[in-house]
Amino acid sequence: MFVTDKNQKSSYDVIVVGSGAGGGQSAYTLCMDGAKVLMLEAGRKYVPETETPMFQTPDLAPLAAASTPDKPFGFYDATVDGGWEVPGEPYARASEEDAGRFERWRARMLGGRTNHWGRISLRNGPYDFKPRTRDGLGLDWPISYEDVAPYYDKVELLIGVYGSNEGLENTPNSSPGCLLPPPKPLVSDLMVAQRAKRLGIPVIPGHRAVLTQPLDFKNSPARLHPGNARAQKIIADDMRKRAACLWATSCGRGCAIRANYQSTTVHLPPALASGNLDIRTDAMVYEVTVGRDGRANGVNFVDRTSGKHRHAAARVVILAASACESVRILLNSKSERFPEGLANSSGKVGRYLMDTVGSSVDGQIPLLESLPPLNEDAADGHQMYVPWWLYQEQHAGKLDFARGYHIEFGGGKRMPDHGTGAGLEWLTGGSYGAKFKQDVRRYYGSFVGFAGRGEMIPNDQSYCEIDPVMKDKWGIPVLRFHWQWSDHEMRQAAHMQRTFADIIEAMGGRVHGEVKTDGAKAIAPGGSIIHEVGGAIMGSDPKSSVTNQWGQTWDVDNLIVADGGVFASNADKNPTLTIMALAWRASDHILERMRRKEL
Ligand SMILES: Cc1cc2nc3c(=O)[nH]c(=O)nc-3n(C[C@H](O)[C@H](O)[C@H](O)COP(=O)(O)OP(=O)(O)OC[C@H]3O[C@@H](n4cnc5c(N)ncnc54)[C@H](O)[C@@H]3O)c2cc1C
Ligand code: SF4
């Protein structure tokens, strides 16, 4: 249930800070196994079933739902109280130059960014957990793919992920029955696949957390919760209530029929149904409190509705406020015993911040012009994608950068909006009236866009720390970001540009704009791909890492980090599926330790 000052209990088994992918998964796993959990979320309560503007058309919104500073992803985007800026919650940057700039997207709402994320759900492969062993750069994880694989299976079964098993290098197969069938590709997808193949580039079905058919509520519950009949019943009942995708609306607005993954529609309802979850929204946590024994005993937070400072107590504290926010809470948890912040005896809290390497190129394809109108909203993108395909060439030293990227691409005739027909001048030379209408119909649906998502190697120059001066509106010290790409990332971005142009040309198309050969110009700013991870990395040595393989901090053994903070590398695969798999694994470990009376 949702609690306030009046009914918050005096103590819980576990406090979970944050309600996004990491927090949602942690609360779900713990509550389904009987632990009493208090979730503290800085944002407001958010109810997708009633608040999601799923079926509203762009013409009903101001400026036809176009992007504005308040709503950078458009009027209907699910993010409330957040975005690139959060009012009253600034952060500092050591540099405003493109090369050193770090951008930050935050969502202040129940469910966090999972309400509007892209739902692309790729597994890390075996190489991705041991990158240093493979090429001598960056850091290895203290775990291998085999440790995480059972949890990838569980998360896929629970949230519902479509995709296929292709058996490609470092692109793992899921266990039988874990994946839902992929959706049909668009005409433009098929054409990309056909032409890319001629260049030796594989195009395979994408993996997204969207239900292409109802979940298997008969068989999956026993695989998710073996030996736990109550949990099986709760999740079977909940799975029945999730509808399959209807292929017509935009996932970024959220999904009122619960056909895609959001923490608010997938993790929190069954956790609440267990009777073991209390959620307190508008609770801005600023420090973990520690007892005389050096163990965490709760957290302090500001009640955003009253401005009052409050405390909550528990045997275990899980930080899942998103990688950077969890770092901020650790660094702000200073005491005589922990003067450099909590869990920071290694000095590594805030270090090895990573994002994804991003670069994009668009093109226009004459063969796709003037096709008959049809609904191509489909699964809202990522019906197909290109996994990194040059492992062998790279290993043989034939590329001028380390680590790979996958390609996300899109095209087709989406529901027309304010952008449809805009910016055609590079093709038409400018047209008006009847000719303009003809041009819009001719070119509508003939564009394809390619975006690379690549691995960044952690470095000493990319980190966050507490700014010595700046504070947020509650007086809580904020983060200052330092950022630097290495040559590996910049060369990778240049490689993306050349590859995308090659595919567009192989489709008989025209590239829009310049193909950037200078990687420094091709690469998107740090943080802007919104895959920030690291800052509280896991490792096998307390001197060089913040947590062990269970996300448990070396210095405080009942304090766990369960978001992207623990990533020791940031593979090209989008991070959220791995965040959830690790959070489930960490929670299983907490439950096991509770059974052994260690916690
Ligand atoms: C537009 C967009 C598209 C994306 N697409 C993809 C994709 O396709 N695939 C993918 O893998 N990833 C994608 N991501 C990234 C993905 O959203 C994140 O990796 C994921 O949400 C991280 O989960 P989290 O639980 O760590 O953080 P969040 O989801 O951000 O949740 C953290 C929660 O903690 C709360 N919180 C923060 N500070 C405090 C505090 N001090 N006290 C209490 N609560 C606090 C926040 O309000 C928030 O609700 C995308 C992100 C965006 C914005
Ligand atoms: S495309 Fe499907 S999953 Fe996405 S919001 Fe629409 S119905 Fe939901």
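One table, with the values for the structure above:
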| item | result |
| --- | --- |
| Percent of Cα pairs exceeding the 22 Å cut-off, where the set is the range 239-310 | 51 |
| Lys/Arg +1, Asp/Glu -1 at C-beta; the chain dipole; positive extreme among 580, 29, 321 | 29 |
| Volume per residue that the Cα convex hull of the range 1-132 spans, once the total is divided by residue count, Å³ | 219 |
| For the range 99-183, alpha-carbon Rg relative to the globular expectation (2.2 N^0.38 Å, N residues) | 1.34 |
| Sequence-separation-based contact order of the chain, relative, with Cα cut under 8 Å and 6+ spacing, percent | 23 |
| Rounded tilt (10° steps) of 433-443 against the dominant C-alpha axis of the chain | 70 |
| Principal axis dimensions, the chain - Cα atoms, whole angstrom, descending | 75, 49, 47 |
| Cα gyration tensor category, rounded, prolate or oblate, for the range 299-382 with a/c compared to 1.5 | prolate |
| Burial order of peptide ranges 43-54, 249-260, 303-314 (average beta-carbon count within 10 Å, highest first) | 249-260, 43-54, 303-314 |
| Shape box of the range 171-210 [Cα atoms, principal axes, largest first, Å] | 32, 20, 13 |
| Simple Cβ-charge dipole of the range 1-160, Lys/Arg +1 and Asp/Glu -1, about Cα centre, in debye nearest 20 | 300 |
| Estimated [θ] at 222 nm from DSSP helical runs (n ≥ 4, -39500 (n - 2.57)) normalised by residues in the chain, nearest 500 | -7000 deg cm²/dmol |
| Principal axis box of the range 519-581, alpha-carbon based, largest edge first, Å | 43, 25, 14 |
| Tilt relative to the chain, helix 187-198 - C-alpha long axis, 0 to 90 degrees, to 10 | 80 |
| Gyration tensor (alpha-carbon) shape descriptor, the range 338-431, a/c threshold 1.5 | prolate |
| Rg and Dmax [Cα atoms of the range 52-125; Å; Rg one decimal, Dmax integer] | 15.0, 44 |
| Binned Cα-Cα distances of the range 344-392, short to long, each 5 Å bin given as a whole percent | 4, 9, 9, 17, 15, 11, 10, 8, 6, 4, 3, 3, 1 |
| Nearest-20 debye value, the range 90-209 charge dipole, Cβ charges on Lys, Arg, Asp, Glu | 440 |
| log₁₀ of I(q)/I(0) at q = 0.11, 0.18, 0.21, 0.25 Å⁻¹ - the range 202-290, Debye sum with one point per alpha carbon | -0.44, -0.91, -1.07, -1.27 |
| C-alpha long axis of helix 229-240 to longest principal axis of the chain, angle in ° | 30 |
| Cα gyration tensor shape of the range 432-520, rounded if a/c is under 1.5, else prolate or oblate by comparing a/b with b/c | oblate |
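Values in this text are rule-based calculations from the coordinates and carry no lab data. Since we're looking at a predicted model, the values are computed, not measured. As a convention, Cβ positions derive from the backbone with ideal geometry for all residues, glycine included, and neighbour counts pool all protein chains shown.
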